[in-house]
Amino acid sequence: MTMKTTLLLAATAALLSTTAAHAHVVLDQPAALAGSTYKATLRIGHGCDGRATTLVRVFVPEAMRGVRPMPKAGWTLQAPKVPLAQPYDSHGKRITEGVREITWEGGPLPDAWADEFSFVAQLPSQPGPLPIKVLQQCGSEGRHEWFDIAVPGDKPPRSPAPVLEVLPGDGSGHQH
């Protein structure tokens with residue numbers, strides 16, 4: 001990675017972390033290079049009105065490919081493959097199915113504690129914001145839908161989806 005790219009990533013991460021300061025589900029690394037392999041680590045900062053988190057479901061953006069969820073001790077993991085709207089070629093093979101939702105269930109994660117849930121994916125080659133919607137369930141009594149997309153110039157949304165800023169990449173396909 002060039003010094004210019006490193007500085008751009010650092011500046012973007014700092015800017016995005018200040019705008020996400022009031023969010024309750026955030027990305028550990030809120031910026032990455034287009035076309036790179038990216039480890040998305042979502043931080044859950046609290047439960048639902050005092051209740052422990054028992055389920056985290058991530059709705060993977062269609063632009064992310066080759067999604068591989070990471071297991072978490074004490075939680076069951078579900079990541080069914082479904083037909084893709086846009087099949088693609090990867091390493092000489094036609095890919096027609098992929099993971100579009102990842103669900104971790106179990107825990108529980110007490111309201112006063114924080115934890116992280118991760119998956120790995122190939123980022124799109126086009127730069128731009130990539131919202132990642134997250135459902136946080138707290139037993140049968142409570143839930144947060146982190147689905148709202150921030151609009152520049154508008155009031156910050158009440159339940160913002162974490163947003164990955166995909167930066168112009170070097171085309172290598174890997175983040176260095």
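The values are calculated or read from the model by the stated rules, or taken from the named source; none is laboratory data. A quick note: this is a predicted structure, and the numbers were derived from the prediction, not measured. Please note: Cβ atoms are built from the backbone with ideal geometry, for glycine as well, and neighbour counts cover all protein chains shown.
Within the range 114-135, identify whether any single residue is at positive phi, part of a strand (DSSP E or B), surrounded by fewer than 16 Cβ atoms within 10 Å (Cβ to Cβ) and not basic (Lys, Arg), and answer yes or no.
So in the range 114-135, the residues at positive phi come out as 128.
Narrowing the set further to residues that are part of a strand (DSSP E or B) leaves 128.
If we keep only those that are surrounded by fewer than 16 Cβ atoms within 10 Å (Cβ to Cβ) as well, we get 128.
Within this subset, residues satisfying the condition of being not basic (Lys, Arg) are 128.
Yes, some residue in the range 114-135 is at positive phi, part of a strand (DSSP E or B), surrounded by fewer than 16 Cβ atoms within 10 Å (Cβ to Cβ) and not basic (Lys, Arg).
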(request) Could you grab me the full set of residues in the range 60-113 that are over 20 Å from residue 135 (Cα atoms) and hydroxyl-bearing (Ser, Thr, Tyr)? (result) 88, 90, 96
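If you go through the range 140-154 one residue at a time, how many are more than 13 Å from the chain's Cα centre (by Cα) and in contact (Cβ under 8 Å) with a residue 40 or more places away in the chain? Quick ask: steps written out before the conclusion?
Residues of the range 140-154 more than 13 Å from the chain's Cα centre (by Cα): 140-145, 148-154.
Of the ones still in play, those that are also in contact (Cβ under 8 Å) with a residue 40 or more places away in the chain are 141-144, 150.
Count: 5.
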(request) Report the residue count in the range 136-171 for those that are surrounded by fewer than 20 Cβ atoms within 10 Å (Cβ to Cβ) and among the hydrophobic types (A, V, I, L, M, F, W, C). (result) 5
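Residue 133 - would you say it is modelled with pLDDT of 95 or more and among the basic types (Lys, Arg)? Can you show your working first?
Details: modelled with pLDDT of 95 or more: yes; among the basic types (Lys, Arg): yes.
When the stated conditions are applied, residue 133 passes them.
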(message) Going through 102, 44 one at a time, which residue ends up being under 21 Å from residue 160 (Cα atoms), modelled with pLDDT of 95 or more, touching a His at 6+ places or on another chain (Cβ under 8 Å) and crowded, with 17+ Cβ neighbours inside 10 Å?
(response) 44
(request) Name every residue in the range 53-78 that is over 17 Å from residue 120 (Cα atoms) and touching a residue at least 12 places away in the same chain (Cβ under 8 Å), in order of residue number. (result) 53, 54, 55, 74, 75, 76
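Which of the residues that make up the range 79-104 are in contact (Cβ under 8 Å) with a residue 24 or more places away in the chain, assigned to a strand (DSSP E or B) and among the small types (Gly, Ala, Ser)?
In the first step, residues of the range 79-104 are kept if they are in contact (Cβ under 8 Å) with a residue 24 or more places away in the chain; the result is 79, 86, 90, 95, 98-104.
Checking which are assigned to a strand (DSSP E or B) leaves us with 86, 90, 95, 98-99, 101-104.
Matches in the range 79-104: 90, 98.
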(request) Find the residue count for the range 105-139, including only residues that are touching a residue at least 60 places away in the same chain (Cβ under 8 Å), within 21 Å of residue 66 (Cβ to Cβ) and either out of contact with any strand residue (DSSP E or B) (no Cβ under 6 Å at 6 or more places or on another chain) or not hydrophobic (A, V, I, L, M, F, W, C) (or both). (result) 10
